[in-house]
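Visitor: My questions all concern the structure below.
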Amino acid sequence: MNSPVEYLTGISAQRGELLRKELNIHNFKDLLEHYPLRHIDKTNVDKIGNISLNDEYAYVAGVLQDMNLIGEGRSKRLVAHLKDGTGIIELVWFQGIHWVQKMLLPGHHFLAFGKLGFFMGKPQIAHPDIEPYTAQKAGGKEHLEPIYPSTEKLKARGLNGAALSKITFELLQKIAPKDLPENLPADILTAYKLMPRYDAFKQIHFPSSEKNYQQALRRLKFEELFYAQLRINLIKLQRHRFSKGWAFEKVGDLFNNFYSHYLPFELTGAQKRVLKEIRKDFGTGKQMNRLLQGDVGSGKTMVALLSMLIAADNGFQSVLMAPTEILAQQHYISISEYVKDLPVHIEILTGSTKTKKRKQILEDCAEGNVQILLGTHAVIEEKVQFKNIGFAVVDEQHKFGVAQRAKLWKKNTLPPHILVMTATPIPRTLALTAYGDLDYSIMDELPPGRKPISTLHRNESARPQVMDFIKDEIKAGRQAYIIYPLIEESSKLDYENLMKGYEEVKSFFPEPTYWISMVHGKQTPEIKQTNMQRFVAGDTHIMVSTTVIEVGVNVPNASVMAIESAEKFGLSQLHQLRGRVGRGADKSYCVLLTGNKLSRDARERLKIMEQTNDGFKVAEKDLEIRGPGEIEGTRQSGALNFKLVNIVLDKAILEVARNEVEKLLKGDPDLIMAENLLVKNYLQQQQHKTGWGKIA
Ligand code: ADP
Ligand code: MG
């Protein structure tokens with residue numbers, strides 16, 4: 001399998017080099033994994049009379065009836081008819097007419113193959129593959145013919161799809177079952193009726209029937225998912241067993257005191273459950289690596305705070321990292337308010353912390369006086385040293401990568417526990433695949449008393465009515481957001497739109513009856529902060545903003561959000577924005593304003609937004625519409641780089657494969673049992689190639 005492709009007929013050193021460069025095909029194995037896009041079926045000659053509107057291709061034999069040039073200039077075409085005992089089919093050429101005319105002779109027998117079209121219900125093939133009939137050829141092929149993807153450069157060197165087909169066919173003749181040994185346990189093969197591995201490779205390239213192709217595909221997808229899950233689960237298992245971490249042995253005064261006297265509300269069931277999971281992790285003496293997925297507004301901050309109090313009770317410092325300055329400030333304000341009567345030292349460190357203050361904070365951190373440090377990424381910079389850091393919370397971010405973790409590792413003799421709280425939920429299936437090496441908590445419950453947000457899609461022409469509605473809400477004491485799209489921070493056009501919008505909003509809401517804040521990415525942190533703060537304090541009625549307020553911002557009194565050019569936003573972004581309202585006890589509204597012309601995708605997104613408030617459902621739909629590659633935060637870990645699998649469409653196989661992996665590892669975590677030897681061997685063989693060891 002490791003033999004270079006040059007061992008195959010017609011692959012010169014030059015062509016081999018091109019295969020490596022263009023398709024990353026180095027050896028036999030790579031070629032076998034260069035799967036066909038689709039197949040064409042020439043195994044049977046079709047009866048013309050049996051062709052139905054559902055057929056995509058036809059392979060027919062018959063006598064050529066006639067051949068006529070029709071039309072002039074660009075619409076000039078050659079039309080011929082082929083007739084068998086059951087019917088007549090039309091063949092048509094727009095190009096290469098001269099050459100075809102020479103080859104075709106009315107009254108003679110021909111075989112024709114091609115993509116079917118229908119004209120007034122009658123079958124037609126444009127530019128068919130056509131050749132003189134021989135009984136041998138019409139006897140049909142033994143297998144479907146694969147169509148392979150190729151590239152322009154390869155085609156220029158004679159390595160088109162057909163040539164790839166030829167060398168792949170040759171390769172499959174060369175190899176025997178021992179070259180592609182089975183890598184799935186026998187009981188799994190039996191239980192799911194999976195095709196043996198060697199057969200699967202043969203059938204996926206040159207299937208003897210459509211059914212066999214589907215079976216081959218299923219088997220190879222299963223294998224792909226099985227090993228992806230196995231690797232990621234093994235990483236997690238290794239971590240659980242061997243990683244050392246701080247043991248937070250007790251729940252002390254800070255936590256208990258806060259919990260019994262200062263907790264501003266009863267925790268939701270989901271918050272309690274997740275807190276329990278975290279406490280359990282804290283106590284094991286292993287390092288925690290937990291992903292917390294919670295819908296917008298589910299109350300992740302409180303879970304983080306309670307966990308940080310446990311760390312403090314055990315003599316450890318914590319950091320909480322937020323993606324933006326605004327958010328870090330908000331956390332600081334709300335968290336310091338919660339614990340204002342408790343002896344716990346909290347500080348905030350961001351890019352805009354003044355030099356003198358910064359110096360003081362750095363000192364206090366190093367000496368261990370600061371127990372909880374909030375901030376942006378500034379908190380993990382090298383200059384920030386701790387006396388005894390034990391816990392790090394990463395809020396509203398999936399993109400907390402290996403490099404950032406490495407920075408944390410260096411800050412104490414053992415790595416701190418880590419809790420990553422996501423900005424937007426991603427579907428469970430995807431989460432467990434992409435983040436399967438992390439432990440996983442879910443908060444699928446909103447605090448009680450929240451009224452669902454009504455989401456409405458309106459045409460821009462209804463803007464005056466929408467503004468009137470906002471006026472009514474403001475009269476009733478509420479506040480409103482008006483959001484403008486800002487696709488690129490630097491885009492001049494986007495800013496012009498924002499400024500135009502701001503002027504327009506001002507004309508609807510004149511001072512001094514109304515006061516407006518505006519926040520966007522080009523402002524200095526101080527200005528942003530001041531404007532934000534005025535809105536939070538209720539000094540302004542309206543917040544005009546770009547998506548900088550997308551995550552985390554919490555102003556419970558805000559009850560309406562109007563989103564301008566809503567068609568320009570992705571689903572998860574819309575959901576995240578909408579999550580800024582509906583945070584208090586009032587009925588809230590989200591109005592999606594759009595132009596008239598909407599793409600189908602945009603229409604679908606808006607409809608989903610109108611239909612559901614459930615972030616997990618939104619995420620599921622988002623995944624269906626956009627595919628996994630586009631989902632924010634799916635790491636470049638390789639966990640989602642599948643060759644055959646489509647994580648959306650193959651969810652059923654994924655579930656089964658994951659179950660089997662879990663079962664297998666439960667019974668044999670070290671893969672030492674004889675029946676798992678083939679799994680272990682295959683895994684080891686793959687390991688050094690993929691660099692999987694590097695993640696986590
Ligand atoms: P998110 O999960 O989006 O970060 P937050 O932590 O900002 O959500 O919480 C959203 C709002 O819900 C805040 O105003 C918070 O005080 C409130 N909240 C959190 N937990 C509860 C609860 N158990 N009961 C009532 N309100 C809660
Ligand atoms: Mg939050």
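Visitor: Order 99, 93, 409 by their accessible area, 1.4 angstrom probe, all chains in place, largest first.
Guide: 99, 409, 93
Visitor: Also, quick follow-up: Can you tell me how segment 454-612 classifies by the Cα gyration tensor, rounded, prolate or oblate, using a/c under 1.5 as the rounded cut?
Guide: rounded
Visitor: What translational diffusion coefficient, in µm²/s and rounded to a whole number, does the Stokes-Einstein relation yield for segment 309-348 at 4 °C and a viscosity of 1.567 mPa s, taking the hydrodynamic radius as the Kirkwood radius over Cα pairs?
Guide: Answer from the Stokes-Einstein relation: 118 µm²/s.
Visitor: Moving to a separate point now. Just check segment 10-61 against the gyration tensor rule for me: Cα atoms, a ≥ b ≥ c as the square roots of the eigenvalues, rounded for a/c under 1.5, and otherwise prolate or oblate depending on whether a/b exceeds b/c.
Guide: Because a/c hits 1.5 or more and a/b exceeds b/c, segment 10-61 counts as prolate.
Visitor: Which order do you get for 301, 594 if you rank them by accessible area with a 1.4 Å probe, largest at the top?
Guide: Sorted by accessible area, descending: 301, 594.
Visitor: Here's a follow-up. Eigenvalues of the Cα gyration tensor times 5, then square-rooted: what semi-axes does that give for segment 253-443, in whole angstrom, largest first?
Guide: Each semi-axis is √(5λ); the values are 24, 20, 16 Å.
Visitor: What does DSSP give for segment 44-140 in terms of the percent of beta bridges that are antiparallel, rounded to the nearest 5?
Guide: The antiparallel proportion sits near 90 percent.
Visitor: Put +1 on the Cβ of every Lys and Arg and -1 on every Asp and Glu Cβ in the chain; which of 274, 355, 538 then has its Cα farthest towards the positive end of the dipole?
Guide: 355
Visitor: Counting Lys and Arg as +1 and Asp and Glu as -1, each charge on the Cβ, what is the dipole of segment 559-614 about the Cα centre in debye, to the nearest 20?
Guide: Dipole size: approximately 60 debye.
Visitor: What FRET efficiency would be calculated for the residue pair residue 21, residue 260, taking the C-beta separation as r and a Förster radius of 56 Å, to the nearest 0.05?
Guide: 0.25
Visitor: Any idea what log10 I(q)/I(0) is at q = 0.11, 0.17, 0.24, 0.26 Å⁻¹ for segment 440-526, Debye with uniform C-alpha scatterers and no solvent?
Guide: -0.47, -0.95, -1.28, -1.38
Visitor: Let me ask something additional. Positive end of the charge dipole of segment 227-365 (Lys, Arg +1 and Asp, Glu -1 on Cβ, about the Cα centre): tell me which of 305, 248, 315 has its Cα farthest that way.
Guide: 248
Visitor: Also, quick follow-up: Taking the Cα centre of segment 44-140 as origin and charging only Cβ (+1 Lys, Arg; -1 Asp, Glu), how large is the dipole, in debye to the nearest 20?
Guide: 200
Visitor: For segment 201-291, state which GluC sites (Glu not before Pro) are in a DSSP loop and have at most 10 other beta carbons lying within 10 Å of their beta carbon.
Guide: Of the GluC sites (Glu not before Pro), the ones in loops of segment 201-291 whose Cβ has at most 10 other Cβ atoms within 10 Å are 266.
Visitor: To the nearest 20 Debye, how big is the dipole of the chain about its Cα centre, given +1 on the beta carbon of each Lys and Arg and -1 on that of each Asp and Glu?
Guide: Value, rounded to 20: 800 debye.
Visitor: Using a 1.4 angstrom probe with every protein chain in place, what is the largest-first accessible-area order of 195, 288?
Guide: 195, 288
Visitor: Considering only 128, 447, 8, whose Cα is most displaced toward the positive end of the charge dipole of the chain, charges sitting on Cβ of Lys, Arg (+1) and Asp, Glu (-1)?
Guide: Most positive-ward Cα: 8.
Visitor: If you don't mind, another one. Which stretch or stretches of segment 522-542 have amide N atoms under 19 Å from the point lying 7 Å from residue 496's Cα along the Cα→Cβ direction?
Guide: 522
Visitor: Where both partners of a DSSP beta bridge lie in the chain, what percent of those bridges are antiparallel, to the nearest 5?
Guide: Antiparallel bridges: around 40 percent, rounded to the nearest 5.
Visitor: If ligands, DNA and RNA are left out, what is the accessible area of residue 502 with a 1.4 Å probe, given in Å² to the nearest 10?
Guide: Rounded to the nearest 10, that gives 40 Å².
Visitor: How many percent of the accessible area of the chain is carbon or sulfur, using a 1.4 Å probe?
Guide: Taking all protein chains in place, the chain shows 52 percent carbon and sulfur surface.
Visitor: Still on this model: With θ set to phi - 60°, apply the Karplus curve 6.51 cos²θ - 1.76 cosθ + 1.60 along segment 608-613 and write out the HN-Hα couplings as whole Hz, x wherever there is a Gly or Pro.
Guide: 4, 4, 5, 7, 9, 9
Visitor: Let me know the shape class of the chain, please: from the alpha-carbon gyration tensor, a ≥ b ≥ c as square roots of the eigenvalues, rounded when a/c is under 1.5, otherwise prolate if a/b is greater than b/c, or oblate.
Guide: It comes out oblate by the Cα gyration axes.
Visitor: Right, next: List every residue whose amide H lies under 5 Å from the amide H of residue 590, counting only residues 5 or more places away in sequence or on a different chain, with H placed 1.01 Å from N in the peptide plane.
Guide: 454, 455, 456, 561
Visitor: Still on this structure: Where in segment 317-359 does the amide nitrogen come within less than 19 Å of the point 7 Å from the Cα of residue 388, taken along Cα to Cβ?
Guide: Under cut-off, by backbone N: 317-320, 343-347.
Visitor: Note down the accessible area of residue 626, probe 1.4 Å, to the nearest 10 Å².
Guide: Near enough 90 Å² of accessible area.
Visitor: Determine the calculated [θ] at 222 nm for the chain from helices alone, applying -39500 (n - 2.57) to every DSSP H run no shorter than 4 residues and normalising by the residue count; nearest 500 deg cm²/dmol.
Guide: Rounded to the nearest 500, it is -12000 deg cm²/dmol.
Visitor: Sticking with the crude label model, points 7 Å out along Cα→Cβ, report the distance from residue 131 to residue 147 in nm, one decimal please.
Guide: That separation, rounded to one decimal, is 1.8 nm.
Visitor: Scan around residue 87 for amide H atoms under 5 Å from its own, H built in the peptide plane at 1.01 Å from N, and keep only partners 5 or more places away or cross-chain.
Guide: 48, 49
Visitor: Could you report the accessible area of residue 272 in Å², rounded to 10, computed with a 1.4 Å probe on the protein chains as they sit in the structure?
Guide: Probe radius 1.4 Å; accessible area of residue 272 about 80 Å².
Visitor: Additional query: Would you give the gap between the C-alpha center of segment 294-371 and the C-alpha center of segment 144-192, rounded to a whole Å?
Guide: About 56 Å separates the Cα centre of segment 294-371 from the one of segment 144-192.
The values are calculated or read from the model by the stated rules, or taken from the named source; none is laboratory data. Treat the numbers as computed from the prediction; the structure is a model and nothing was measured. Cβ atoms come from the backbone with ideal geometry, glycine included; neighbour counts cover every protein chain shown. When the accessible area is computed, the model is the full protein with side chains, heavy atoms only, and any ligands, DNA or RNA have been set aside. Shrake-Rupley method; radii C 1.70, N 1.55, O 1.52, S 1.80 Å.
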